[in-house]
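The values are calculated or read from the model by the stated rules, or taken from the named source; none is laboratory data. Here the structure is a predicted model, which means the values were calculated and not measured. Cβ atoms come from the backbone with ideal geometry, glycine included; neighbour counts cover every protein chain shown.
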Amino acid sequence: MEGTAVLGRLTWRVAEIADVRTETPTVKTLVLDVGGWPGHRAGQHVDVRLTAEDGYQAERSYSIASASDGSVVELTVELVEDGEVSPYLTEVAGRGDQMEIRGPVGGYFVWDPRVGGPVLLVGGGSGIVPLMAMLRQRAAAGDDVPARLLYSARAWDDVIYREELEAMRGGGLDVAYTLTRSQPDGWTGYSRRVDAELLRKVAQPDVARAFVCGPTPFVEAVASALVSLGHDPGRIRTERFGPTGG
Amino acid sequence: MEALTLDGNAVAGLLLEVFGTEMTTAHGVCAGCGASDQLGAVRVYRAAGYVLRCPHCEAVLAKLVTDGERAWLDLRGLRSLQLGD
């Protein structure tokens with residue numbers, strides 16, 4: 001019966017791909033133009049809906065990578081082999097293609113400037129994406145709250161947003177990398193998994209808010225290590241990445 | 001099923017549709033162990049629908065299934081739900 005559906009309070013909007021950027025061999029950023037976009041907070045998500053020609057639909061949740069800026073919404077997507085949605089988004093979709101998105105959604109894993117600092121961001125792999133939205137928002141707002149990013153990746157070529165992160169350093173932002181599988185010649189960063197010993201060196205002693213994002217085992221290990229070092233669990237926000245069926 | 005673990009952030013859109021308000025910051029109390037967590041922090045397993053589990057005792061907090069128009073909720077595992085941050 002018309003009018004009885006409880007779902008549909010959130011509007012699906014048409015998003016058109018304005019540009020595609022290659023971040024790493026398996027990661028792309030889709031720059032979307034979304035008419036009527038209401039703006040978003042750093043750390044929020046969108047749900048993406050793709051509809052096949054036969055009507056089959058698939059939905060996935062993606063973190064927004066960009067700071068709020070008019071009708072532009074950037075999504076950074078990592079290819080999940082055998083996935084249903086990410087192979088299309090990373091290998092097929094191109095400028096001018098359309099998809100549906102709804103959002104922004106989420107309020108738990110969100111940078112709230114009122115909390116103050118220092119802020120600790122710990123990202124594993126593509127878990128950097130919502131943390132990058134936070135750093136971009138911080139930069140766009142001219143916010144000088146002290147922040148430190150610890151970014152764990154397998155190798156230097158897997159580091160997403162490398163050049164932008166290098167350019168962002170300073171002005172109260174520290175960036176530390178750990179490369180867990182291979183390191184380039186002359187590497188002076190860390191080369192181990194994130195554990196209590198590494199966090200003891202990197203984490204500020206008086207963290208007002210910590211954001212930890214990455215694969216589930218990474219997030220569990222980092223969050224429990226932070227607690228073991230005496231950080232207040234109430235100040236730690238976590239977000240676990242798939243595999244989501246990609 | 002361990003590999004399919006996500007957390008409450010991944011179902012923010014679905015919860016917002018069902019409840020009509022932002023739910024990842026809502027506090028839920030586990031009927032099993034009594035722990036209170038924001039829904040963004042609970043474990044979520046994705047199958048035919050979504051199963052929300054307590055991050056402390058693994059008890060099922062809620063089950064959600066939707067067909068796009070209707071939604072089914074089983075909230076037996078939540079002793080209470082506090083909306084608002």
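Within region B:42-61, can you find the residues that are closer than 20 Å to A:VAL110 by Cβ, at pLDDT below 95 and aliphatic (A, V, I, L, M)?
Listed by number, the list holds a single entry, B:VAL44.
Condition first: at the interface with another protein chain (Cβ under 10 Å from one of its Cβ atoms) and modelled with pLDDT under 95. Now tell me which residues in region A:205-218 satisfy that.
Hits for region A:205-218 are A:PRO215, A:THR216, A:PRO217.
Among residues belonging to region A:97-130 that are outside any loop (DSSP other than H, G, I, E, B) and charged (D, E, K, R), point out the one that is nearest to B:MET23 (Cα to Cα).
A:ARG102
Take the residues in region A:109-120 that are touching a strand residue (DSSP E or B) at 6+ places or on another chain (Cβ under 7 Å) and at pLDDT 95 or above; name whichever of them is nearest to the other protein chains (Cβ to nearest Cβ).
Here the residue is A:PHE109.
Which one is farthest from the other protein chains (Cβ to nearest Cβ), of the residues in region B:3-17 that are closer than 14 Å to A:TYR108 by Cα and not aliphatic (A, V, I, L, M)?
B:GLY8
Only residues that are within 19 Å of A:GLU239 (Cβ to Cβ) and not in a strand (DSSP E or B): list them for region B:36-62, please.
B:LEU39, B:GLY40, B:ALA41, B:VAL42, B:CYS54, B:PRO55, B:HIS56
Can you tell me which residues in region B:6-35 are assigned to a strand (DSSP E or B) and surrounded by fewer than 20 Cβ atoms within 10 Å (Cβ to Cβ)?
B:HIS27, B:VAL29
So which residues in region B:73-85 are outside any loop (DSSP other than H, G, I, E, B), within 14 Å of chain A (Cβ to nearest Cβ) and out of contact with any Leu (no Cβ under 7 Å at 6 or more places or on another chain)?
Matches in region B:73-85: B:GLN82 only.
Which condition does B:GLY20 not pass, out of (1) more than 7 Å from every other protein chain (Cβ to nearest Cβ); (2) without any contact (Cβ under 8 Å) to a residue 12 or more places away in the chain, if it passes all the others?
Looking at each condition in turn, B:GLY20 falls short on (1).
Taking only region A:154-177 into account, find how many residues are part of a loop (DSSP other than H, G, I, E, B) and of a type in the set (A, V, I, L, M).
Residues in region A:154-177 being part of a loop (DSSP other than H, G, I, E, B) and of a type in the set (A, V, I, L, M): 3 in total.
Starting from region B:55-77, take each residue that is without any contact (Cβ under 8 Å) to a residue 12 or more places away in the chain and list its partners that are surrounded by 14 or more Cβ atoms within 10 Å (Cβ to Cβ), counting only C-beta distances under 7 angstrom and pairs at least six apart or across chains.
B:GLY68/A:LEU7; B:GLU69/A:LEU7
Conditions tested, residue by residue: (1) away from chain B (no Cβ under 14 Å); (2) touching a residue at least 12 places away in the same chain (Cβ under 8 Å); (3) in contact with a strand residue (DSSP E or B) (Cβ under 6 Å, 6 or more places away or on another chain).
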residue	(1), (2), (3)
A:VAL92	yes, no, no
A:GLY123	yes, yes, yes
A:ARG154	yes, yes, no
A:GLY170	yes, no, no
A:ARG181	yes, yes, no
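Would you pick out the residues in region A:62-73 that are assigned to a strand (DSSP E or B) and buried (at least 21 other Cβ atoms within 10 Å of the Cβ)?
Those that are assigned to a strand (DSSP E or B) and buried (at least 21 other Cβ atoms within 10 Å of the Cβ): A:TYR62, A:SER63, A:ILE64, A:VAL73.
Which residue, of A:VAL92, A:VAL119, A:VAL110, A:VAL85, is over 16 Å from A:ALA208 (Cα atoms), buried (at least 17 other Cβ atoms within 10 Å of the Cβ) and of a type in the set (A, V, I, L, M)?
A:VAL85
Here is a yes/no grid of residues against (1) charged (D, E, K, R); (2) over 24 Å from B:GLY8 (Cα atoms); (3) part of a loop (DSSP other than H, G, I, E, B):
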position: A:ASP185; (1), (2), (3): yes, yes, yes
position: A:ARG193; (1), (2), (3): yes, yes, yes
position: A:LEU198; (1), (2), (3): no, yes, no
position: A:PRO205; (1), (2), (3): no, yes, yes
position: A:VAL212; (1), (2), (3): no, no, no
position: A:VAL219; (1), (2), (3): no, no, no
